[in-house]
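Each remark here refers to the structure printed beneath this line.
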Amino acid sequence: MDKLPLDEMIDRLINSDELSLTLTATPQLAEKVWYLMENTCIRAFTAGDLQAKKSALGALFQLYQTWLAEPLSMAAKNQFHPLLTRIRNYIESEWLRAEKKHMVCHKPVLNAGNIVAELRKLCEMHPASHHPLFDFLATSASATQIDYFFKSDSALNLLFFDLVAMGLVGSLPETRAEIARNLWDEIGQGSHEITHVNLYKDLLKRRDIALPDNHFTHLYDWQGLAGYNAFMLGGVNRQHYYKSLGVMAMTELLDPPQYQKLVAGCLRIGMTERDVHYYAEHITVDIGHADGWLNNVIVPTGKRHPAAMEEVYFGAALRLQTCNDYYDRLLETLRALEIPGMVR
């Protein structure tokens, strides 16, 4: 285990049988893991080592996945092990520090009266909201490239019900109806056939794309891991709950115009309306969801807890920043698929 990178080391620890006994029997192991974690974070978030960044964010991804683990698994048993909790807290703080340092947006004085306008302005001005990835998908992408997009989009689309449900726990009473409406839409308003998870799986099936157990997260570089982690951050950490409201609001604002371009690209290569049902539905539904998150969740939260608006704004900026990084990387990958001899 001495030569393993951090993400693989953490995976081993998470799935270890009798982790506490192992660490008691070999106390130097905890010291080695802690040193590896500190060193990886320095290289990742200070020195700009992209391989270290992937390893650090991959370790955080593994730790977050324990919240979704099979309840009788070792990962579930080790979920709150003190060493793993300390490691998670450390990586989170270093990652968020680095993300904040790279944010270029001007943060206004925020309150419940202006938060909606400021969040909309933040989204409109950010390059993630008009990224060339979706122009490429609309006008130029091949079937192979669009299928790769579907693969890369799988993990968060299939997790979204859980993410919304996480936002309901501990929410203010006046926000629960809106969050519950989002959940109701996610489960197809009671229809098993058109739950969003089943619509997406149907899309993959119709494209002859076999869904692996990890939902294609193996395709992620550091950008994809950061984007995934931004969603999980507030769901598994109470102190980051308000950030998650900003993450969710930005997602609902971003998706409709981008999905319009994606659907156009899908129809261009011969896909049917049935094939793109998942994305087409989100073009209209997410407009209402965005308004609901902004006015029925974030504004009431701001009225009750004015200081929360800075956290919401940071979460929104985090979503946009990680999303833009992910789009940059995905567009680069899609274009490389057309290079002769390039295997993905």
Inset, instruction - Working carefully through the options VAL297, VAL263, find the one that is in the same structural domain as LEU199 (by TED's automatic domain parsing) and touching a Leu at 6+ places or on another chain (Cβ under 7 Å). - result: VAL297
Inset, instruction - Pick out the one residue from THR322, THR272, THR251, THR301 that is surrounded by fewer than 21 Cβ atoms within 10 Å (Cβ to Cβ) and farther than 14 Å from PHE149 by Cβ. - result: THR272
Inset, instruction - Kindly check whether there is at least one residue in region 206-219 that is buried (at least 16 other Cβ atoms within 10 Å of the Cβ) and without any contact (Cβ under 8 Å) to a residue 60 or more places away in the chain. - result: no
Inset, instruction - Just give me the residues in region 245-274 being of a type in the set (A, V, I, L, M, F, W, C) and in contact with a Phe, Trp or Tyr (Cβ under 8 Å, 6 or more places away or on another chain), in sequence order. - result: LEU245, VAL247, MET248, ALA249, LEU262, VAL263, CYS266
Inset, instruction - Determine if region 109-122 includes at least one residue that is outside the structural domain of THR40 (by TED's automatic domain parsing) and at pLDDT below 95. - result: yes
Inset, instruction - Just name the residue that is nearest to ASN214 (Cα to Cα) out of those in region 137-181 that are touching a Ser or Thr at 6+ places or on another chain (Cβ under 7 Å) and not hydroxyl-bearing (Ser, Thr, Tyr). - result: ALA155
Legend entry - Considering residues of region 154-196 that are at pLDDT 95 or above and more than 15 Å from MET248 (Cβ to Cβ) only, the residue surrounded by the fewest Cβ atoms within 10 Å (Cβ to Cβ): PRO173
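The values are calculated or read from the model by the stated rules, or taken from the named source; none is laboratory data. None of these values were measured; they are calculated from a predicted model. Cβ: placed from backbone, ideal geometry, glycine included. Neighbour counts: every protein chain shown.
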